[in-house]
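The values are calculated or read from the model by the stated rules, or taken from the named source; none is laboratory data. Every value quoted in this text rests on a predicted model; they were computed, and no experiment measured them. Cβ sites come from the backbone with ideal geometry, for glycine too, and all protein chains shown count toward neighbours. Just so you know, the surface numbers come from the protein's heavy atoms only, side chains and all, with ligands and any DNA or RNA stripped out. Shrake-Rupley method; radii C 1.70, N 1.55, O 1.52, S 1.80 Å.
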Amino acid sequence: MQAKAPIRHNWTESEVQALFDLPFMDLMFQAQTVHRQYHAANRVQVSTLCSIKTGACPEDCKYCPQSAHYNTDLETERLMKVKAVLQEAAEAKAKGATRFCMGAAWKSPRAKDMPYVLEMIKGVKDMGLEACMTLGTLDKGQAAELADAGLDYYNHNLDTSPEFYGKIITTRTYQDRLDTLSNVREAGMKVCCGGIMGMGENERDRIGLLMTLANMEEHPESVPINMLVKVEGTPLDQVDDLEPFDFIRTIAIARIMMPASAVRLSAGRTNMNEQMQAMCFMAGANSIFYGEKLLTTDNPEADADKQLFNKLGINAEQGEDVSNDAHEQAILHNLQAQQDAKLFTDAAK
Ligand code: SAM
Ligand code: DTB
Ligand code: SF4
């Protein structure tokens, strides 16, 4: 059996450039090979998003419909009531999500919001769901409070390369983002960190983002790769369309550079046909957002995703993983997949 690809933290620009320069099929083969060394081949984790506080954000992220700096016709909403959030979590669980991700359009959570946020985490955890939040910048104390309440994942994206970052956001720095990420790590939570493709960045920027992520002391456990959703009124609404193969290549290279991480095919799926999404899974994506809405923009209908999974023979991950060992997990998943397949053929007899 081929040795597993090592988990590395010393990727060089020329190595990553060489991956981008590979013929597409060679890259896909390499990515799928690495994928199968660390993950069950036909299993995709599903998370559902909930916008717990919408719009009127003081940050000026040029891609974001929730920034108060742009006029996007978005209805702003105050922090949702804990009960309403937990109702949505229960619905998400009933539809098969294993993780509930709560997002707030804040620069940083305020002290007076924290008790509600902590209640939300506890409630979601009590339902047996994994909990993820994305609330903006966190200091060490805030990170510790969220971790103590049981938060599993914190999402905080770097979005692009350090060089391109200043063209997209001016109200905070790349270093601010890195500081929050290290506070999250220090508090013992899992990191969900990725970026957006299609903002007018070039290949070197994609390389810069992937190198920053993969050369961290520990890889983010979850790496969301978003395709820009162009929203009227934001400064990026007229940016040129991304070449789909460049997006798929980026997923494949994320998979190769961070073999054990979940790579999430995130925003932008409503603008991808089924074949493109299948290629993203082939490239190593093994997580998606499930449910009609992302935070403020549309996501494919749950039924459409179910149909796609059926067509591709993909199983949605069931429940929490019991083991932290990726290899052991892969074995368990394969066994489960075989049992699923047997049940399916038995039922068809
Ligand atoms: N306010 C928090 C923050 O920015 O960290 C959390 C919410 S924010 C909406 C979460 C992430 O969504 C952003 O970091 C960005 O990567 C992604 N995002 C926002 N608008 C997007 C868009 N139009 N298309 C694709 N991704 C987007
Ligand atoms: C991530 O990387 N993508 C999600 C999640 N993390 C929070 C958000 C996507 C938002 C897309 C635009 C919107 O719906 O507002
Ligand atoms: Fe605010 Fe987050 Fe949107 Fe930036 S991405 S404007 S921080 S909600």
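Worth pointing out:
- Flag for residue 116 being among the hydroxyl-bearing types (Ser, Thr, Tyr), open to solvent by 30 Å² or more (accessible area, probe 1.4 Å) and over 21 Å from residue 296 (Cα atoms): yes
- Members of the range 246-272 found to be closer than 25 Å to residue 292 by Cα and open to solvent by 40 Å² or more (accessible area, probe 1.4 Å), listed by number: 270, 271
- Residue that is farthest from ligand 1 (Cβ to nearest atom) [pool: residues in the range 70-98 that are open to solvent by less than 100 Å² (accessible area, probe 1.4 Å) and farther than 26 Å from residue 46 by Cβ]: 76
- Filter result for residue 281 (without any contact (Cβ under 8 Å) to a residue 60 or more places away in the chain, in a helix (DSSP H, G or I) and among the aromatic types (Phe, Trp, Tyr)): no
- Scanning the range 33-69 for residues that are of a type in the set (Gly, Ala, Ser), open to solvent by 20 Å² or more (accessible area, probe 1.4 Å) and over 29 Å from residue 137 (Cβ atoms) returns a single hit, 41.
- Residue 241 being farther than 29 Å from residue 152 by Cα, in contact (Cβ under 8 Å) with a residue 24 or more places away in the chain and not in a loop (DSSP other than H, G, I, E, B): no
- For the range 284-300, a residue qualifies if it is in a loop (DSSP other than H, G, I, E, B), over 16 Å from residue 192 (Cβ atoms) and within 15 Å of ligand 2 (Cβ to nearest atom), and the qualifying residues are 291, 292, 296, 297, 299, 300.
- Checking each residue in the range 273-291 for being open to solvent by 10 Å² or more (accessible area, probe 1.4 Å) and either in contact with a Pro (Cβ under 7 Å, 6 or more places away or on another chain) or farther than 28 Å from residue 51 by Cβ (or both) picks out 275, 276, 278, 279, 282.
- Breaking point among (1) over 27 Å from residue 279 (Cβ atoms); (2) open to solvent by 10 Å² or more (accessible area, probe 1.4 Å), for residue 156: (2)
- A Cβ distance below 7 Å, combined with a sequence gap of six or more or placement on separate chains, defines the contacts here; from the range 30-50, residues that are under 25 Å from residue 301 (Cβ atoms) and within 16 Å of ligand 1 (Cβ to nearest atom) reach residues that are open to solvent by 20 Å² or more (accessible area, probe 1.4 Å) and part of a helix (DSSP H, G or I) in the pairs 50/88.
- Any pair with Cβ under 6 angstrom, 6 or more apart, that starts in the range 183-210 at a residue that is in a helix (DSSP H, G or I) and ends at one that is within 16 Å of ligand 3 (Cβ to nearest atom) and open to solvent by 20 Å² or more (accessible area, probe 1.4 Å): 205/164
- Some residue of the range 194-217 being buried (at least 21 other Cβ atoms within 10 Å of the Cβ), within 16 Å of ligand 3 (Cβ to nearest atom) and closer than 18 Å to residue 9 by Cα: yes
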